[in-house]
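Read-outs throughout are calculated quantities, based only on the coordinates presented, and are distinct from any laboratory measurement. Everything numeric in this text was worked out from a predicted model, so none of it was measured. Here the Cβ positions follow ideal geometry from the backbone for every residue, glycine too, while neighbour counts run over all protein chains shown.
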Amino acid sequence: MRIPDEQKEALIASARAAGEKAYAPYSDYQVGAALLFDDGAVITGSNVENASYGLSLCAETNAVAKAMNEGRRGGLVAVAVTGPLNKGDGAPITPCGRCRQMLNEIAQLGNTDPIIFCVGKNEVRSVPLSELLPHAFGPAHLNPS
Ligand code: THU
């Protein structure tokens with residue numbers, strides 16, 4: 001599904017705004033995620049770290065949990081992910097492995113292959129989730145339809 005440029009920019013802005021609410025005192029690396037659904041709804045998340053470092057939760061994971069807590073089970077068409085612009089090499093930020101799996105769950109429930117807008121300092125890389133997580137394990141393996 002092609003997302004119009006205007007909607008893409010708005011989604012990226014939502015992810016950025018979410019990133020500002022991140023609780024990331026340990027890494028000082030604020031991430032924002034915005035999920036776009038087929039009814040136009042946008043659900044955001046940011047990373048929430050913990051003094052027990054390994055318990056920290058990523059932005060995309062929190063956004064998926066939020067969406068599923070609101071009853072969403074599919075309909076995911078696009079995702080924007082943003083990180084700090086003044087950290088690292090400026091390359092587009094791609095979801096970590098666990099977040100790819102989290103995104104895959106809600107995507108597969110609705111049979112969509114959402115486009116992931118990975119935002120960098122000078123470019124936005126648009127990658128379908130199926131390319132980030134090929135041959136994914138998902139709900140269909142457990143519950144064949
Ligand atoms: N982080 C995310 O929120 N999403 C990702 O996909 C990559 C990493 C967070 C986790 C941690 O709070 C901080 O970024 C540094 O790794």
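Values for this structure:
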{"read-out": "In Hz, Karplus ³J(HN,Hα) per residue of the stretch 23-31 (6.51, -1.76, 1.60; θ = phi - 60°; x = Gly, Pro)", "value": "10, 9, x, 8, 8, 6, 10, 8, 10"}
{"read-out": "Bridge type composition, the stretch 5-136 - antiparallel percent by DSSP, nearest 5", "value": "75 percent"}
{"read-out": "Kirkwood hydrodynamic radius of the stretch 5-136, Cα pairs, Å", "value": "14.4 Å"}
{"read-out": "10 Å Cβ shell holding at most 12 others, DSSP loop, chymotrypsin sites (Phe, Trp or Tyr not before Pro): longest site-free stretch of the chain", "value": "27-136"}
{"read-out": "Mean separation of Cα contacts under 8 Å (6+ apart) over length of the stretch 5-136, as relative contact order %", "value": "22 percent"}
{"read-out": "Test item: Cα-centred dipole of the stretch 5-136, Lys/Arg +1 and Asp/Glu -1 on Cβ, debye", "value": "260 debye"}
{"read-out": "Two-site FRET efficiency, Arg73 against Tyr29, from Cβ-Cβ distance with R₀ of 30 Å, rounded to 0.05", "value": "0.45"}
{"read-out": "Trypsin sites (Lys or Arg not before Pro) restricted to DSSP loop in the stretch 5-49 with at most 15 other C-beta within 10 Å", "value": "Lys21"}
{"read-out": "Backbone N within the stretch 56-82 under 17 Å of label point (7 Å from Gln101 Cα along the Cβ vector)", "value": "56-65"}
{"read-out": "Residue-wise HN-Hα coupling along the stretch 88-94, computed from phi with Karplus coefficients 6.51, -1.76, 1.60 (Hz; x: Gly, Pro)", "value": "x, 8, x, 5, x, 7, 10"}
{"read-out": "Distance (nanometres) between label positions extended 7 Å along Cα→Cβ at Ala65 and Ala140", "value": "2.8 nm"}
{"read-out": "Label-point separation, Ser126 to Ala13 (7 Å along Cα→Cβ), nm", "value": "1.8 nm"}
{"read-out": "Extension gain (nm, one decimal) between Ser56 and Met1, 0.36 nm per residue minus Cα-Cα", "value": "16.6 nm"}
{"read-out": "Filtered GluC sites (Glu not before Pro), the stretch 1-41: DSSP coil and at most 11 other beta carbons within 10 Å", "value": "Glu20"}
{"read-out": "Prolate/oblate/rounded call for the stretch 1-40, Cα gyration tensor, a/c under 1.5 rounded", "value": "prolate"}
{"read-out": "Positive-end extreme of charge dipole, the chain - chosen from Ile12, Gly54, Gln30 (charges on Cβ)", "value": "Gly54"}
